[in-house]
1. Looking only at the range B:238-254, count how many residues are under 19 Å from B:K169 (Cβ atoms) and either buried (at least 16 other Cβ atoms within 10 Å of the Cβ) or not charged (D, E, K, R) (or both).
2. For the range A:293-313, enumerate the residues that are buried (at least 22 other Cβ atoms within 10 Å of the Cβ), more than 8 Å from every other protein chain (Cβ to nearest Cβ) and either on the phi > 0 side of the Ramachandran plot or not in a helix (DSSP H, G or I) (or both).
3. Which residue pairs have Cβ atoms closer than 6 Å, lie 6 or more positions apart in sequence or on different chains, and pair a first residue in the range B:420-442 that is within 21 Å of B:A475 (Cα to Cα) with a second residue that is aromatic (F, W, Y)?
4. From the list A:T105, A:T111, which residue is among the β-branched types (V, I, T), closer than 18 Å to B:T363 by Cα and more than 9 Å from chain B (Cβ to nearest Cβ)?
5. Need the failing condition index for A:E367 against (1) crowded, with 17+ Cβ neighbours inside 10 Å; (2) part of a strand (DSSP E or B), just the number.
6. Is it the case, given these coordinates, that A:V192 is surrounded by fewer than 24 Cβ atoms within 10 Å (Cβ to Cβ) and more than 23 Å from the chain's Cα centre (by Cα)?
7. Looking at the structure I just gave you, is A:S31 in contact (Cβ under 8 Å) with a residue 60 or more places away in the chain and surrounded by fewer than 22 Cβ atoms within 10 Å (Cβ to Cβ)?
8. Checking B:N658 against (1) crowded, with 22+ Cβ neighbours inside 10 Å; (2) more than 7 Å from chain A (Cβ to nearest Cβ); (3) touching a Leu at 6+ places or on another chain (Cβ under 9 Å); (4) closer than 25 Å to A:L477 by Cα, which test does it fail?
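The values are calculated or read from the model by the stated rules, or taken from the named source; none is laboratory data. Nothing here was measured: the structure is a model prediction, and the numbers come from that model. Don't worry about glycine lacking a Cβ; one is built from the backbone with ideal geometry, like all the others, and counts go over all protein chains shown.
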Amino acid sequence: MTGSVNLLVAALGGEGGGVLTSWVVNAARDSDMPVQATSIPGVAQRTGATTYYIEIWPETWAELGDRQPVLALSPAVGEVDIFASSELLEAGRQIQAGYVSPDRTLLISSTNRVYATAEKMQMGDGRSDDKKLVQAAGDRSQTQVLFDMEDAARESGAHVSAVLLGAIAGCGRLPIDAEKFREGIRAEGKAVEANLAGFEAGLKAARGEMAVRETQPHERYSGVTVSSQIAARVRDSFPNGISGTLDHAVRRLIDFQDAAYAGLYLDRLGEFADGDARLLQAVARHLAVRMSFEDVIRVAQAKTRPGRLDRIRAETGANVGDTVVVTEFLKPGIAEFCDVLPDRIARLVLARAAKSEALRNWQKGMELNSSSITGHLKLRMLAGLRRWRRGTWRFRREQESIDAWLGMISDAKALSDDLAIEIAECARLIKGYSDTHSRGTSNFHRIEEALIRPALAGEIAIDEAVRGIAAAREAALADPDGNALSQSLAEEVRPEELQKEAAE
Amino acid sequence: MSAERSFRKEVESLRLGDGEIFHGEGILAVTKALLQSGVAYVGGYQGAPVSHLLDVLLDSEELMDEMGVHVETGANEAAAAAMLGASINYPLRGAVGWKSIVGTNVAADALSNLASPGVVGGALIISGEDYGEGASIIQERTLSMAMKSSMWMVDPRPNLTTIVDTVEKSFELSEVSNTPIIMQLRIRACHVQGRFVAKDNRKPPINTRERKKDPAPFEYARLAHPPVTFIQEKLKVEQRLPAAQKYIREKGLNEIFDGDISRHGIIVPGGLYNTLIRRLARLGLADDFGNTRIPLLVLNVIHPLVPDQITDFCAGRDAVLVMEEGNPEYLEHQINGILRKADIQTRVHGKDVMPMAGEYNATVMHKGLMGFIEAEGLGIGDPASIREEDQRFSAALDGAADAFPAPLPPRPPQFCTGCPERPVFSALKLIQAEVGKVHIAADIGCHAFATFEPFSMGNSILGYGMSLASAAAVAPFQDKRSISIMGDGGFWHNGLTTGVIGTMLNEGDSVLVIMQNGFTSATGQQFIPSSEKGRGGRKPGMSIEKTLQSLGVPWLRKVRTYSVSEMVDTLREALTTPEKGLKVIIADGECQLARQRRLRGEHAEKLKQGGRVELPRFGIDDEVCTGDHSCIRLSGCPSLTIKPNPDPLRSDPVANVNNNCVGCGLCGEVSHAATLCPSFYRAERVRNPGIVDRAVAGLRNGVINLLQGRAA
């Protein structure tokens, strides 16, 4: 081998990249080899993307004699031997920067994602496509070591930097014996056991000796009993391909309300059973979600589910003997009260609220200890309101809204399956609580007025409407202020409507 | 001293003696070099990449005391620069360090007044050049500051041996030419891990233990005051400059590496040498050990240039390439002038093939060298191997550019998990949703992360502690009051005078929010006047609140940062009250990084003794969350993230609190203040619970399990 061995590490600030660098530098130093490392910590150490760069000269000082290699302080495009990243997007970033190359670089990356703010904050799904990242990792590097380091770190109780170090030590490209790294970890004397365990996990993964674990999909409503009658309806009245979705859907609605309600679901879905499979899938999915709307009762159901406190307990890492207290943050307002009030009474309340700003804005923030007996009982009482749910104001409004939506899909089906699917997909906009819910509902209605109704009335060409609705739906999820939606609708709406709007 | 990192281990390497090998970071090597040079006093102001210079010295009080070295943390860089005044009258070697260009700007007044009379004791400024990749400030070079004040500037090759050697020689250069020296160290050079052969530390002849009996005699010539300023201006060029040039030449501070390609050459500042050699090696014009085929003049001193050295190097060559980052191209202009005057016809390439702006990294240098080679008619080196390397480089760049169709999401730094400053911006977002947008003057510090998503707040940044001053001429032209954000670090650095006093003096009517977290957190949690603990663990005892009261600030509130609703109410009052004048809100919350470090120790201690420890964290019911992410847009906490929706019928990811949560409480506060959703819960794990804890928990679990129809 000629030239230095160049190692680039990508990490997030605070992940221990500095410690990792020291481990590598110390191991090289203890092997009597010239080594130089640099980093650009600065403010990037506050959880931003950062890199560490190490060059090792693969000869000992003794072998070098008078010669002194000049080592570079920063990586060069196409000249990295080992690239290691504790996170997948950061691997992508360095691939994009040119530091990973097919003729030279061994790429080590964790497959787990730490989402960037730009991905997290979107109203819909702003995540980068992991598959594309993995694809690029494969295309742009010579060899790859890809595994979930976060998982490995959790299992071994080590910091992710120790796992990454193991992978680097085990990748076979460093002129340093793995034992030197172990010595370094021991010499440092901090969390030695855990760090060694993490190191070995990374080492095994790099050598391809790690066992692959299968994760089982979890069915939340597995405890719900489905009557043979409903099961038979699912089996007999619908195509095979949809049975998985329907099985989940009926369990969900029995849990939400009762068997009759699940029956209503199947009734509503019936007219789509023999049509376009995509449409059936879309309606089946969204209808089940819409019918299990998030009223106060459902929230209470979720918060009193058996096993929830155990799950939370595990989440805190509590050992036997530790106690865990769980506090819920609830802030009901008028709307939440109407969730559980009978239709007629709720109407009276809302009529009063329309006149009184104080009432309209009334809210009560409360912190409820759900692990206490009284707290738990309060939530159980709320959950128990389920049997009166059908009479509540909220239930009635939701059913009206669902029927209107289904009606539009049904009408659209006669014109075009694509149009019907787009309308069905718009249900995705209606979600959340309080302001979020009203914003989503209002966005849905804006699209309904501007595109869906005109399309059904034949005022807009079908393909134009299909494109327009899809674009408007994405726009509605682009920003909470509705700016993108306004822009999208302005583009799609016919000129005379624009003039009308301008006149207003 | 810093709360973020302890340098106890590094302190040991500061004691190394003759012939021992020092292993460590660049900036620590500089610290060791100062002690080897017999420095008598060291000062500075923290800031990446030179914070560790002072941090390590403050952690080695014992050694400093033995050596009789005085260490001082300046209130700002002007104070640090003024400290060098000790070397005007006394043969004391002194060094100060800060982040440049910003620190040099703050220090400029003192530096001019230092450079004019000149020094008798060596004076060295360690300038951490926050330039290029990873920099957090405006991109300007420090060279012009050195040139205008006739201070000399060194830019050593970035290996520890050369850096240390240059520190030692800089003191001598400073003394023989009576001129302060600026040593610029780029970010990576400050953090480079390498080694050098150490020497014994030298105790300064006059030190804190062996003091001087009498002050210096009155000598008007040592004052930066007319009429001697006119003489000093002449001294700079007539005496100090030639003395410096003579020393630079005689001691070989600049280095010439000769090669067989005699018709061309490259002139490069020392700091860029390693990158250049690597590029030359790949082009077949050098090897990995610094043996170059194309002759190099390496300027470890970039100001002043030594004209003889330039003409000697250039004479007889067809062309030279001058590599110099930034603009204007001071070196290139001077070299052109020197050659013109000497009537040497060597062509000078520089900014014609190198970019005017930006750091000269490997890619930039490769392209620049190709430009130079092409401009010289491919007459340099072996064309075949050069073409091959160029093709390899281009292929790597093109392949990378094609790797992803769309740009990847950026990941700028952000507020740490549980940061006390984040809730203030949540509150600012909420109050603006209510009263409309207001002008926000941002500042330097962690709180500047609010300029990133999800907050995207701040109309301007004018420098450290400058926010309120920068709003002075905005406020009079706005219907709504403007809000200035300032950290406690910025407040003491100069916000108190430029902002608060300036606004009071002019009867300004605007709102100032001071983030009181107890440290200069962005630079590594160094202590400030209002810190709980300062040097040697003692409390400095100065208070922002009392200071403001003593100034007569008419409207002053102190709000716990995590109390979002209270902060919203306070901001509303500040923005809408009919009361005129400055309104200050002290947003109080200890830096969470420092707090967690403190708590880890305290908890470990308690647990060891079997004591009760509460560990709160937040969580989200993924069945209740609908994946709108409003909470994330209002918080942006790294531990509040997303995960795939476990609901098979929904595609949008749900919010998720990961295991890094420190239970700061913001999630609960925000879900109340913004009426978000009922998904959040706080789970408080109690370790070593008491008898009452356990009894209550047992009863609760029993009853709840019974109600749920499960065996207890």
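1. Initial filter on the range B:238-254 (under 19 Å from B:K169 (Cβ atoms)): B:240-254.
Next cut, either buried (at least 16 other Cβ atoms within 10 Å of the Cβ) or not charged (D, E, K, R) (or both) only: B:240-245, B:247-248, B:252-254.
Within the range B:238-254, residues that are under 19 Å from B:K169 (Cβ atoms) and either buried (at least 16 other Cβ atoms within 10 Å of the Cβ) or not charged (D, E, K, R) (or both) number 11.
2. If the condition is that a residue be buried (at least 22 other Cβ atoms within 10 Å of the Cβ), more than 8 Å from every other protein chain (Cβ to nearest Cβ) and either on the phi > 0 side of the Ramachandran plot or not in a helix (DSSP H, G or I) (or both), then A:D295 is the only one that fits.
3. Correct list of pairs: B:F425/B:F455.
4. Details: A:T111 fails: closer than 18 Å to B:T363 by Cα.
Within the list A:T105, A:T111, the selection yields A:T105.
5. Answer for A:E367: the failing condition is (1).
6. Working: surrounded by fewer than 24 Cβ atoms within 10 Å (Cβ to Cβ): yes; more than 23 Å from the chain's Cα centre (by Cα): yes.
In short, yes.
7. Details: in contact (Cβ under 8 Å) with a residue 60 or more places away in the chain: yes; surrounded by fewer than 22 Cβ atoms within 10 Å (Cβ to Cβ): yes.
It is true that A:S31 is in contact (Cβ under 8 Å) with a residue 60 or more places away in the chain and surrounded by fewer than 22 Cβ atoms within 10 Å (Cβ to Cβ).
8. Exception for B:N658: condition (1).
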